[in-house]
Amino acid sequence: MDRGVKVKRIGLKRSGLALGSLGLAAAAVAVAGPASAATPQRLSIGGGRIQLCAEGNYAAWFAYQGSSTGDLPEVAEGTCQTFNLPQVGDMVVQVFGHFNTSDGGFLIGALPGLVNPNGGGWSITTFGTTGDGGADAGFSINQFG
């Protein structure tokens, strides 16, 4: 399915400290340590798995090299789903949002570095809104293992 993906610029952050900027947009990627007790569904993401939680006002999905943006199902707004990663070696993982007023989509950003499906698990939480063409959206990352 062609989701009419629109690319936007993001800034990278790690634990609230700026690591570098890929652009001037307000959306950010945050990388954190272990999840807090307030999010128990994210405490046990096993190696080779990604949990995606769509906590913004839009559905979300992710894609990895070798997949197309239509290969993986969307995660509905307000829900979480966990996916197994293919054993294809280190890969780039990108996170997308689905506009809630059209069939189009937008790139929120990419996980920093390469994701190793044999390494620890990942929890990705999208947040914000589809306002300003998706510029008001972002995501946070927790890596386990």
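The numbers here are math on the coordinates, done by the rules we state, and not lab data. Just so you know, these numbers come straight off a predicted model, no measurement behind them. Methodologically, a virtual Cβ is constructed for each residue, glycine included, from the backbone with ideal geometry; neighbour enumeration extends over all protein chains shown.
The radius of gyration of the Cα set in segment 93-145, together with its Dmax, comes out at 12.7, 38 angstrom. Applying 0.36 nm per residue to the separation of Asp136 and Asn84 and subtracting their alpha-carbon distance, the gain on full extension is 15.9 nm. Charge tally for Gly56 (other residues, Cβ to Cβ under 12 Å; Lys, Arg +1; Asp, Glu -1): -3. If you plug the beta carbon distance of Glu77 and Ser102 into 1/(1 + (r/R0)^6) with R0 = 22 Å, you get a FRET efficiency near 0.90.
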